[in-house]
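Reading through the structure tokens given below for one structure.
The values are calculated or read from the model by the stated rules, or taken from the named source; none is laboratory data. Keep in mind that what you see is a predicted model, and the values were worked out from it rather than measured. Positions of Cβ are generated from backbone atoms using ideal geometry, with glycine treated the same way; all protein chains shown enter the neighbour counts. For the accessible areas, the whole protein counts, side chains as well, though only heavy atoms, and no ligand, DNA or RNA atoms are used. Shrake-Rupley method; radii C 1.70, N 1.55, O 1.52, S 1.80 Å.
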Amino acid sequence: MGTLVGPVLSAFTTSKDRPLFPSPTASLPPSKPHLTTSRKIHHHEINTSRFGNFLHLKPESKPGCLDSDLPWFNPSDRPCFDVIIIGTGPGGLRLAEQVSQYGIKVCCVDPSPLSFWPNNYGVWVDEFESLGLVECLDKIWPMTCVYIDDHKTKYLDRPYGRVSRKLLKTKLLENCVSNSVKFHKAKVWQVKHEEFESTIQCDDGSELKASLIVDASGFSSSFVEYDKPRNYGYQIAHGILAEVDSHPFDLDKMVLMDWRDSHLGNEPYLRVNNSKLPTFLYAMPFDSNLIFLEETSLVSRPVLSYSEIKRRMEARLRHLGIRVRRVIEDEKCLIPMGGPLPRIPQNVMAIGGISGVVHPSTGYMVARTMALAPLVAEAIAECLGSTRMIRGRPLYHKVWNGLWPIERRLSREFCCFGMETLLKLDLVGTRNFFEAFFDLDPYYWHGFLSSRLSLHELASFSLSLFGHASNSSRLDIMSKCPVPLVRMLGNLALQVI
């Protein structure tokens, strides 16, 4: 949903963040010039799908790069920096932007620093407003809606936006360049550590040294260490930015979740599976003919198959009467959620998906990473920006605890319990849960989705949610969640100790 959305899209190669719900499409033009011009002109050129059957259509958009000049690292120069950041996704560039403001020497290393980010990112507008990034949204919907079932719909008075990947990356790169950040086009193969300095070895044979290495390369990285089993839940989704003949959604409302299953009435196999492991539709209508559609499994363990997701989406679009004329982009998204945090502290710092900041219950990450990067940068600056030059273990301890102070770790444990609860709910239970969730005081559901609630507020949130739940939903939670509850309490106790 995040969305945490593009070609080869997996949160293992970037981040989804995406978001709740799913991830986060290509940057849209300000209007719809060539996308929806006269159908007569394109009538014989477009391989239009039958109703719902879009899987044979190939995405027209190709991966591209920003047309920008970057200050490249020159191997003949002294290869020593204060901080090296591996990866130029949203988290890596945001941290580079923030750290370099303190006069700290930063180098970003990535195989393709100027490539467009593949995933779409959806965020709550108030989150980006608080960060001063609202100008990086290319579309805002004044309201969102949640279809609980065919008879119940929740209308949420909280604006939602689609992040322009081009605008956000351009802004972050420009700020990095103005702060003298260097860039190196290479893939990091190995990281070696000494007491006060670390060295990266790249596929082009170059070696760079720094006091601190930060891994922002995504979930698949092998540089960050864990000391506990990584028992993730997984959010998986298939999305398309498509030109359609028409669609049934209001243009002023973003569809956060559509849990209706009437489209599976003639699909007994899919209907049975969906009743056990439900999926929902996430939709961003840009105009009457241009829409982003994404079928999403909020969380599953083991992960729901990608082919199952696509079959359900095909049945849904057919039922809704949506005929896809062109697939402009497609997105395949897989986001690990929950699980343990990396070992804290350790020699390699992390930011983004590999650092554990993905919301365990929703998959949201981008806005949170944007908000946490300045805090991590401040911790780095207190060590490397001082005349004392605190390095080695004290540095690692400082920066890791800047990202994960005890209060934030405890709050994350609570959200992991929320994920474990969702894993045990079937379609009926999930519908009941979200009906109660969006009936809460907006302070609570806003705060939970945006990771703003303190541990005390999370406790009040859970009591309020239980109070708003139906009797059947309370029974469902009480009967299915004792083990996750006990596990959460045990983990909370261990964190405090």
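For the chain, the residue among Ile85, Leu304, Val191 whose Cα projects farthest onto the positive side of the dipole built from Cβ charges is Leu304. The distance from the alpha carbon centre of the range 49-122 to that of the range 343-409 is 20 Å, rounded to a whole number. The 1.4 Å probe gives accessible areas that order Lys58, Lys480, Lys424, largest first, as Lys58, Lys424, Lys480. The residue among Phe466, Phe417, Ile390 whose Cα reaches farthest toward the positive pole of the charge dipole of the range 381-483, with charges on the beta-carbon of Lys, Arg, Asp and Glu, is Ile390.
Considering the range 296-380 at the alpha-carbon level, its Rg and Dmax are found to be 17.9, 54 Å.
How high is the FRET efficiency from Arg78 to Lys424, r the C-beta distance, R0 51 Å, rounded to 0.05? Provide the component values of the computation, followed by the final result.
Working: r = 56 Å, r/R0 = 1.09.
Computed FRET efficiency for Arg78 and Lys424 comes out at 0.35.
Extent of the range 390-483 along its three principal axes (Cα atoms, max minus min coordinate, largest first): 56, 27, 18 Å.
Each Lys and Arg Cβ is given +1 and each Asp and Glu Cβ -1; about its Cα centre, the chain then shows a dipole of about 740 debye. What pairs in Lys152/Lys310; Lys253/Lys276; Lys139/Lys185; Lys185/Lys209 have C-alpha atoms more than 22 Å from each other? In this structure, Lys152/Lys310; Lys253/Lys276; Lys139/Lys185 lie more than 22 Å apart at Cα.
Note on Glu60 and Leu475: the extension gain reaches 144.5 nm, defined as 0.36 nm multiplied by sequence separation minus the Cα-Cα distance. Each Cα pair of the range 266-411 feeds into the Kirkwood radius, which the Stokes-Einstein equation turns, at 4 °C and 1.567 mPa s, into a diffusion coefficient of 69 µm²/s.
What are the aspartates and glutamates whose alpha-carbon lies under 13 Å from the alpha-carbon of Lys58, with same-chain residues fewer than 8 places away excluded? Output for Lys58: Glu243, Glu329, Asp330, Glu331. Computed with a 1.4 Å probe over protein heavy atoms only, the accessible area of Arg409 comes to about 40 Å². The listed residues Leu423, Leu463, Leu66 rank as Leu463, Leu423, Leu66 when sorted by accessible area, largest first, using a 1.4 Å probe. The alpha carbon gyration tensor of the range 167-249 gives principal lengths a ≥ b ≥ c with a/c of 1.5 or higher and a/b no greater than b/c, which makes the shape oblate. For the chain, with all protein chains present and a 1.4 Å probe, just round the carbon and sulfur fraction of the accessible area to a whole percent. Within the chain, the accessible surface is 55 percent carbon and sulfur.
Bridgeable aspartates and glutamates around Lys171 (alpha carbons under 14 Å apart, same-chain partners fewer than 8 residues away excluded): Asp67, Asp69, Glu97, Glu135, Asp138.
Candidates Ser100, Pro229, Thr170 compared by Cα position along the dipole of the chain: farthest toward the positive end lies Pro229, with charges placed on Cβ.
One equal scatterer on each Cα of the range 120-191, no solvent, Debye formula: the resulting log10 I(q)/I(0) at q = 0.11, 0.12, 0.25 Å⁻¹ is -0.46, -0.52, -1.08. As an equivalent ellipsoid, the chain spans semi-axes of 37, 29, 18 angstrom, where each value is the square root of five times an eigenvalue of the C-alpha gyration tensor, largest first.
Basic side chains Lys and Arg get +1 at the Cβ, acidic Asp and Glu get -1 at the Cβ, and with that the dipole of the range 112-226 about its Cα centre reaches some 460 debye.
Taken about its Cα centre, the range 316-440 carries a charge dipole of about 380 debye when Lys and Arg each add +1 at the Cβ and Asp and Glu each add -1 at the Cβ. Taking all protein chains together and a 1.4 Å probe, the residues His247, His56 rank His56, His247 from largest to smallest accessible area. Helical runs assigned H by DSSP (4 residues or longer) give the chain a calculated mean residue ellipticity at 222 nm of -10500 deg cm²/dmol, each run adding -39500 (n - 2.57) before division by the residue total.
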